[in-house]
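Trainee: I have a structure I would like to understand better, so I am pasting it below and will then ask my questions one at a time.
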Amino acid sequence: MAAQHFEVHPDNPQPRLLRQAVAILAAGGVAAIPTDSSYALVCHLDDKAAVDALRRARGVDDKHHLTLLCRDLSELASYAKVDNKQYRLLKSATPGPYTFILEATKEVPRRVSHPSRRTIGLRVPDHVVTQELLGLLGQPLLCTTLIPRGETEPLNDAEEIRARYDHLIQAVVDSGACPAEPTSVIDLSQGEPVVIRVGRGDLAALGLA
């Protein structure tokens with residue numbers, strides 16, 4: 001079945017359309033959505049079949065780090081362990097185009113944390129559409145940057161995403177182009193911050209450049 005296409009306003013997304021997209025996610029669908037650093041594939045955290053479908057669509061195995069897309073840091077404690085110093089860093093960087101690798105709590109299903117390290121990626125996106133979707137769903141989404149198998153650049157055009165993923169995913173939330181650059185990735189799971197990937201997030205602003 002072809003993916004449903006929801007064309008939403010980037011600054012004032014129509015709640016009716018977002019509710020339809022959320023219903024698809026709640027029912028176990030995979031969706032492509034805009035974020036503050038390119039489009040991402042997302043699915044429900046607690047649905048094993050949806051997580052497997054997300055990995056298949058993205059062309060990655062269970063060793064590939066998936067990320068929790070959170071509305072704000074209030075959702076953090078359920079899924080990750082952080083000390084006060086790490087929390088201050090997270091607070092200064094969110095919302096924004098950063099992904100943090102954190103030690104996962106027991107709340108995180110084993111299938112979505114890193115198999116050998118019990119870590120989880122976490123980010124709070126600075127994008128109205130993503131924030132509204134998360135608010136309507138009422139919990140984090142599992143996500144991965146929408147980079148096609150064998151390629152290095154994320155997709156940024158909803159029409160191209162529809163053309164290439166139409167039968168692999170169930171919905172495309174289209175709010176036009178977003179920045180076509182992945183997040184900066186910072187590993188906090190070993191204590192001191194380690195920059196894993198330099199991306200859109202300004203590392204100097206966090207004192208990490």
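The values are calculated or read from the model by the stated rules, or taken from the named source; none is laboratory data. If you're wondering where the values come from, they're calculated on a predicted model, not measured in any experiment. Positions of Cβ are generated from backbone atoms using ideal geometry, with glycine treated the same way; all protein chains shown enter the neighbour counts. Ligands, DNA and RNA are stripped out before the accessible areas are found, and what is left, the full protein with its side chains, is counted by its heavy atoms. Shrake-Rupley method; radii C 1.70, N 1.55, O 1.52, S 1.80 Å.
Trainee: When you scan segment 170-195, how many residues do you find that are at pLDDT below 95 and charged (D, E, K, R)?
Mentor: The number of residues fulfilling the criteria is 2.
Trainee: Moving on to the next point. Between Leu54, Leu76, Leu89, Leu18, which is assigned to a helix (DSSP H, G or I), open to solvent by 10 Å² or more (accessible area, probe 1.4 Å) and in contact (Cβ under 8 Å) with a residue 24 or more places away in the chain?
Mentor: Just one listed residue meets the conditions, Leu89.
Trainee: Determine which single condition Ile33 fails, assuming it passes every other condition in (1) over 14 Å from the mean Cα position of the chain (by Cα); (2) within 19 Å of Pro154 (Cα to Cα).
Mentor: Failed condition: (1).
Trainee: OK, next. Just one of the numbered conditions (1) under 14 Å from the mean Cα position of the chain (by Cα); (2) closer than 22 Å to Gly201 by Cα; (3) open to solvent by 10 Å² or more (accessible area, probe 1.4 Å) is not true of His44; which one?
Mentor: With (1) under 14 Å from the mean Cα position of the chain (by Cα); (2) closer than 22 Å to Gly201 by Cα; (3) open to solvent by 10 Å² or more (accessible area, probe 1.4 Å) applied to His44, the lone miss is (2).
Trainee: For residues that are outside any strand (DSSP E or B) and β-branched (Val, Ile, Thr), scanning just segment 178-198, find the one that is nearest to Val8 (Cα to Cα).
Mentor: Thr183
Trainee: Suppose the filter is modelled with pLDDT under 90, open to solvent by less than 70 Å² (accessible area, probe 1.4 Å) and over 26 Å from Val198 (Cα atoms); does Ala23 pass it?
Mentor: no
Trainee: Another question, then. Only residues that are open to solvent by 20 Å² or more (accessible area, probe 1.4 Å), of a type in the set (A, V, I, L, M, F, W, C) and not in a helix (DSSP H, G or I): list them for segment 157-177, please.
Mentor: The answer is Leu168, Ala177.
Trainee: So which pairs qualify, if the first residue must be in segment 182-201 and buried (at least 16 other Cβ atoms within 10 Å of the Cβ), the second must be among the aromatic types (Phe, Trp, Tyr), the Cβ gap must be under 6 Å, and the two must be at least 6 apart or on different chains?
Mentor: Within 6 Å, the pairs are Thr183/Tyr98; Ser184/Tyr98; Ile186/Phe100; Leu188/Phe100; Gly201/Tyr98.
Trainee: OK, next. Within segment 92-112, track down each residue that is hydroxyl-bearing (Ser, Thr, Tyr) and crowded, with 23+ Cβ neighbours inside 10 Å.
Mentor: Within segment 92-112, Tyr98, Thr99 qualify.
Trainee: Among the candidates Pro125, Pro154, which residue alone is assigned to a loop (DSSP other than H, G, I, E, B), surrounded by fewer than 22 Cβ atoms within 10 Å (Cβ to Cβ) and not hydroxyl-bearing (Ser, Thr, Tyr)?
Mentor: The conditions single out Pro154.
Trainee: So which residues in segment 27-41 are out of contact with any helix residue (DSSP H, G or I) (no Cβ under 7 Å at 6 or more places or on another chain), crowded, with 24+ Cβ neighbours inside 10 Å and not in a strand (DSSP E or B), if there are any at all?
Mentor: Matches in segment 27-41: Ser37 only.
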